[in-house]
Ligand SMILES: Cc1cc2nc3c(=O)[nH]c(=O)nc-3n(C[C@H](O)[C@H](O)[C@H](O)COP(=O)(O)O)c2cc1C
């Protein structure tokens with residue numbers, strides 16, 4: 001049984017000093033040994049325009065290709081005004097189009113969120129889960145990785161210093177990996 005896995009990490013913040021980008025960077029070194037985690041930078045994506053549905057920019061084609069080549073997706077997102085940042089929703093919308101060519105289809109996914117506030121982005125996580133329904137992805141419900149008071153959990157170079165958060169990210173990656181391997185086997189069984 002091949003249990004090598006590729007996870008694609010996507011951050012919902014473009015900010016240079018983003019805690020969510022920092023959490024994703026930390027996750028790279030917290031993956032199980034059979035897993036590689038690569039990130040995709042969405043900062044150059046234009047605003048989605050349905051006129052370009054059938055003729056997306058090259059960067060969107062690459063993004064969709066990376067999603068399809070991945071076994072699972074890990075989102076790390078801030079909460080903006082109790083919801084998902086527009087840049088992340090924009091990236092999600094691009095990769096879901098045109099209708100019938102949804103790159104997210106059937107992917108195992110997991111979420112983590114970091115916020116400087118006390119609730120750690122939970123409301124953004126719940127809004128993201130609502131979008132997941134139409135994307136037809138399979139999100140993990142647990143563990144929930146919520147990083148409140150993020151400014152206290154990273155050092156000035158953006159390294160994650162909080163042991164509890166490291167353990168939660170590790171647990172999330174392990175659970176996502178197990179789920180992705182199981183899902184791959186289920187799909188292979190369905191193709192037989
Ligand atoms: C437009 C905007 C809206 C925000 N709204 C929320 C919010 O609803 N809840 C929250 O916990 N933090 C909110 N914040 C604060 C973010 O949690 C904080 O800026 C966080 O560091 C952003 O993530 P990043 O570090 O990955 O860029 C908001 C920040 C911005 C810029």
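Here, each number is a calculation from the coordinates, and none is a lab measurement. Here the structure is a predicted model, which is why all the values come from computation and not from measurement. With ideal geometry, Cβ positions are generated from the backbone for all residues, glycine too; neighbour counts draw on all protein chains shown.
List of remarks:
- Checking residue 187 against (1) under 23 Å from residue 4 (Cβ atoms); (2) in contact with a helix residue (DSSP H, G or I) (Cβ under 6 Å, 6 or more places away or on another chain), the condition it does not meet: (2)
- Qualifying residues in region 135-171 (those that are touching a helix residue (DSSP H, G or I) at 6+ places or on another chain (Cβ under 8 Å) and under 24 Å from residue 64 (Cα atoms)) - the one surrounded by the fewest Cβ atoms within 10 Å (Cβ to Cβ): 138
- Within region 66-88, being over 15 Å from the mean Cα position of the chain (by Cα) and in contact (Cβ under 8 Å) with a residue 12 or more places away in the chain holds for 80, 82, 83.
- Residue match in region 62-75 (condition: farther than 18 Å from residue 5 by Cα and either part of a loop (DSSP other than H, G, I, E, B) or within 16 Å of the ligand (Cβ to nearest atom) (or both)): no
- Considering residues of region 6-32 that are assigned to a strand (DSSP E or B) and within 16 Å of the ligand (Cβ to nearest atom) only, the residue nearest to residue 178 (Cα to Cα): 9
- Selected residue (only one of 100, 120, 106 is away from the ligand (no atom under 15 Å from the Cβ) and touching a helix residue (DSSP H, G or I) at 6+ places or on another chain (Cβ under 8 Å)): 106
- Breaking point among (1) more than 13 Å from the chain's Cα centre (by Cα); (2) closer than 17 Å to residue 40 by Cα, for residue 116: (2)
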